[in-house]
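For reference, the structure discussed in these notes is given below.
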Amino acid sequence: MKRKALKIGVWVLAILSVASYFYWIYPVWGMPFNKQRHGNPPLTPPWALECWLWEDDVNTSDYVDELLTGYKENDIPVRTIILDSPWSLRYNDFEIDTSLYKNPDQWFKGLQDNDYRVVLWMTSMVNSYSKDANIKDSKDWYQRAMDNGFLVKSRNPNKWWKGKGGFIDYTNDNAMEWWRGLQQHVFDLGIDGWKLDGTATLFWSQLGPIPIFYKRTSKWIMTTRTYMDHYYRDEYVHGLTQNPEFVTLSRSIDRGFHPEGFSPIDASPVNWVGDQEHKWVTDEMISETGDEKVDIALEGIQGFESAIESVLKSAELGYNIVGSDVAGFSGKTIPPRLYMRWTQFSTFCGLFMNGGHGERRLWKRTEEELQVIRKFSWLHTELVPYMYHYVVTAHEGGRRLQMPLKEGKYQYIFGDDFLVAPIYMDSKKRKVSLPRGQWRYFFNDKELIDGGVDIEREFPMDEFPVYIKEGAIVPMDIKRSYTGLGNEDSEGFTTVLVYPQSENSFDYFHTDTEGITTISYEAKAGALKLSLKGTKFSHILRIHSNSIPQSVTLDGKLLEKEVIWNYDDQDHKLVIRNGTEYGKGIYDIQF
C-alpha cells in the first residue's frame, strides 16, 4: 500500500512538474534555452553613455524647453531627452500630439541643432481604448488592424496599464509594412531611439480567469518569451536601418519578474531596471493572521536598494550598459539626500538617467543638491571614454563594465579599476571591503591603501565610496573644473589619469573617430616610460607621483617645464599637456 501511494505520489509530482514547466517556466522564462537567446552586447554609441533627462508630470514641449534651458543655464550636462507617454494622439499611432508638442518639425530640428538626442516611448500595442491620450476611443482603428491581420489573434482586446488593445504581429510581413509606415513619421523627424516599455510581458490568452502564455500569430503559436524577443530585437534592428547610431532603452532585470532577463542581450544597447519609488528601501506590509505575522513586499513599492540589486543582477547576467531612474520613478516627493546618493551611484553605471516623476528642475531644489548633482553629472560625462572601452570589449565577448563582488554588500568593480560601494541607506557612514591589491580613495588620492581590509568611515555628501586601483589608466573627457580633474582649458584634449605601478596598458577607443590608441607604461625605480601607440590625439596626462621629475622627454626631445609640463605639489600630480605633433609618442620621465 505504501509503495503504491509512493508511486502515485511520484506520478502526480511528475505530472505537476511537466504541467508547471509548459504552463509557466518555458513560455514565460524560456528556460532552459536562454543562453541561445542571448548574444554579446551591441556597440552602444558614445552619446548614449552621456547624461539622459526626462520627466513624467507635464509632458509638453514647453516644459521640455524649460528643463533644457534651466540645465544649460546651471551648467548641468544633458545629451539625451526622453519623451515619455503621452506624446502621440493615441498610443503607438506615431502621430505627434501637437496640443502637447507644438510645431514638431521645427521643434525636433531645434533639439538636433542644439546637439540633443531624442528617444521616444513606445510599446507593441494597437489600442481600442487609450487612457489619458488625446484620442481615447479608437475601436475602429483597432478593428481595422485586427481585420487586416496586423495584430496577433485575440477574441478580445488585452488590458494593459494605458488602456486595452492588441499586439502587433511581428511574424506578418504586411503588418510590419503597416507598422513601419506609421513609425516613419517620427523617424523622419530624426529620432535617435525608442524607450521600449514592457507590454510584451503581457502577451497571453485568457481561459476564463486564467492567463495562458501562448497566442496564435500569423505563422505559429508563440510563447510570451518568444514575443518579447521579437519586440525587443525587431524594433532595435529596424531602428538601425533608419539611424546607424539608433538605440533602444529596454528592461534588463526588474525585480524577479523575468530572472532570465527581459530583453535579449544582443538587442540591448541601453537597459534600465524598471520603476522604483522615491524611497531608500522597499516598504514591507505586515499582515496578521491569528498569532502569525507575515511580511509581504508590496508589489511596485521598490526603492533605491531594489534598483542597486537589479542593476547588479543585470550585470551578472551579462547586460552591459545598465542604469535606473535617478531618485526613482514615482512617489510623493524626492528626499534631497536620496537624490544625491542615487545620482552618485548612477555616475558609476553605464546609463545615467535623471528622470521620472517629481521635481527635476534642480535650480528649484536645494543649493546642495544642485552642486552635488552637477558635479557628479559632469563626472559621469567625463568617464565616457573610459566606459566606451568596455562597450567595445563586451561587444567582442570580453570584459563588461560592471562586475559584482561577493565581498562587501552591493560592491562592484566598475571597469577594471574602480571599486564602488554604494551608500544604500540614509547615512553618511559606510563599511567598504577593499579587495586585495593597492587602492586610493578617488576623491582624495594622495594616500596609498593596502587592500584585503575593511574600512568604515563617513563620506560627505559631495563624495562617494569609490576607490581606484593602483596601476590604473583612465582616459577622460574633461571640460569643467567641478571634479577637480581639469578645467575649461582641458576641452579638446583627452585627459588620462595614470597611477603607475609596475606596468600596464589600456586600449583607448576614440569616441569621435574610429581611432585606437594603446596607452601603456613601464615603471622602474626612478623612471617611468609611457607610450601612446596608434591614433594620435591631443592629451593631458595626469600622472600620480610623490616627487617632481628631473626631466621629461618625448621621442627623445627634452620638454620644457612650465610650458609642456608642470608638477602639482598639492595633488602630487605630474601634468603633461601636448597636441598631436609627436612621433612615436614615447615619454621618458626621470625622477
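The values are calculated or read from the model by the stated rules, or taken from the named source; none is laboratory data. Small disclaimer: the values here were computed from a predicted structure and weren't measured. When we count neighbours, we look across all protein chains shown, and the Cβ atoms used for this are built from the backbone with ideal geometry, even at glycine. Heads up: the accessible areas ignore ligands, DNA and RNA and are worked out on the full protein's heavy atoms, side chains in. Shrake-Rupley method; radii C 1.70, N 1.55, O 1.52, S 1.80 Å.
Values computed for the structure shown
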{"item": "Pairs with Cβ under 7 Å, 6+ apart, first in the stretch 127-143 and part of a strand (DSSP E or B) and polar (S, T, N, Q), second at pLDDT 95 or above and open to solvent by 70 Å² or more (accessible area, probe 1.4 Å)", "result": "Asn127/Lys164; Ser128/Lys139; Ser128/Lys164; Ser130/Lys136"}
{"item": "Residue within the stretch 146-153 that is open to solvent by 30 Å² or more (accessible area, probe 1.4 Å) and free of Cβ contacts under 8 Å to residues at least 24 places away in the same chain present", "result": "yes"}
{"item": "All positions within the stretch 237-252 that are surrounded by fewer than 22 Cβ atoms within 10 Å (Cβ to Cβ) and either in contact with a Leu (Cβ under 8 Å, 6 or more places away or on another chain) or assigned to a loop (DSSP other than H, G, I, E, B) (or both)", "result": "Asn243, Pro244, Glu245"}
{"item": "Residue that is modelled with the lowest pLDDT, among those in the stretch 574-591 that are open to solvent by 50 Å² or more (accessible area, probe 1.4 Å) and of a type in the set (A, V, I, L, M, F, W, C)", "result": "Phe591"}
{"item": "Residues (surrounded by 24 or more Cβ atoms within 10 Å (Cβ to Cβ), among the hydrophobic types (A, V, I, L, M, F, W, C) and not in a loop (DSSP other than H, G, I, E, B)) located in the stretch 316-339", "result": "Val322"}
{"item": "Any hit, the stretch 148-159, residues being at negative phi, of a type outside the set (Asp, Glu) and assigned to a helix (DSSP H, G or I)", "result": "no"}
{"item": "Candidates Ser502, Ser531, filtered to the one that is in contact (Cβ under 8 Å) with a residue 12 or more places away in the chain and in contact with a Lys or Arg (Cβ under 8 Å, 6 or more places away or on another chain)", "result": "Ser531"}
{"item": "Close pairs from the stretch 246-271: first touching a residue at least 60 places away in the same chain (Cβ under 8 Å), partner part of a loop (DSSP other than H, G, I, E, B) and β-branched (Val, Ile, Thr), Cβ under 6 Å, at least 6 apart", "result": "Ile253/Val273; Pro269/Thr44; Val270/Ile321"}
{"item": "Filter pass, Asp477 being modelled with pLDDT of 95 or more, under 26 Å from Phe591 (Cα atoms) and either touching a Ser or Thr at 6+ places or on another chain (Cβ under 7 Å) or open to solvent by 10 Å² or more (accessible area, probe 1.4 Å) (or both)", "result": "no"}
{"item": "Condition met for Pro385 (within 14 Å of Gly350 (Cα to Cα), open to solvent by less than 40 Å² (accessible area, probe 1.4 Å) and either within 19 Å of the chain's Cα centre (by Cα) or at pLDDT below 95 (or both))", "result": "yes"}
{"item": "Any hit, the stretch 181-194, residues being farther than 29 Å from Thr80 by Cβ and either in a loop (DSSP other than H, G, I, E, B) or not aromatic (Phe, Trp, Tyr) (or both)", "result": "no"}
{"item": "Qualifying positions in the stretch 537-573 - hydrophobic (A, V, I, L, M, F, W, C), more than 13 Å from Ala527 (Cβ to Cβ) and either in a strand (DSSP E or B) or open to solvent by 60 Å² or more (accessible area, probe 1.4 Å) (or both)", "result": "Ile540, Leu541, Ile548, Leu554, Leu558, Val563, Trp565"}
{"item": "Hey, Arg374 touching a residue at least 12 places away in the same chain (Cβ under 8 Å) and part of a helix (DSSP H, G or I) or not", "result": "yes"}
{"item": "Residue selected from the stretch 503-525 under the condition under 10 Å from Pro385 (Cα atoms) and assigned to a strand (DSSP E or B), by the criterion least open to solvent (accessible area, probe 1.4 Å)", "result": "Tyr508"}
{"item": "Residue satisfying all of: in the stretch 26-75; hydroxyl-bearing (Ser, Thr, Tyr) and in contact (Cβ under 8 Å) with a residue 24 or more places away in the chain; surrounded by the fewest Cβ atoms within 10 Å (Cβ to Cβ) among these", "result": "Thr60"}
{"item": "Output for the stretch 199-217, where each listed residue is crowded, with 17+ Cβ neighbours inside 10 Å and of a type in the set (Gly, Ala, Ser)", "result": "Ala200, Ser205"}
{"item": "Output for the stretch 526-536, where each listed residue is of a type outside the set (A, V, I, L, M) and in a strand (DSSP E or B)", "result": "Lys529, Ser531, Lys533, Gly534"}
{"item": "Condition check for Arg255: touching a helix residue (DSSP H, G or I) at 6+ places or on another chain (Cβ under 8 Å), at positive phi, open to solvent by 10 Å² or more (accessible area, probe 1.4 Å) and not hydrophobic (A, V, I, L, M, F, W, C)", "result": "yes"}
{"item": "Complete set of residues in the stretch 154-177 that are farther than 20 Å from Ile221 by Cβ, touching a Ser or Thr at 6+ places or on another chain (Cβ under 8 Å) and free of Cβ contacts under 8 Å to residues at least 40 places away in the same chain", "result": "Lys164"}
{"item": "Output for the stretch 461-477, where each listed residue is under 30 Å from Glu522 (Cβ atoms), more than 20 Å from the chain's Cα centre (by Cα) and of a type in the set (Asp, Glu)", "result": "Glu470"}
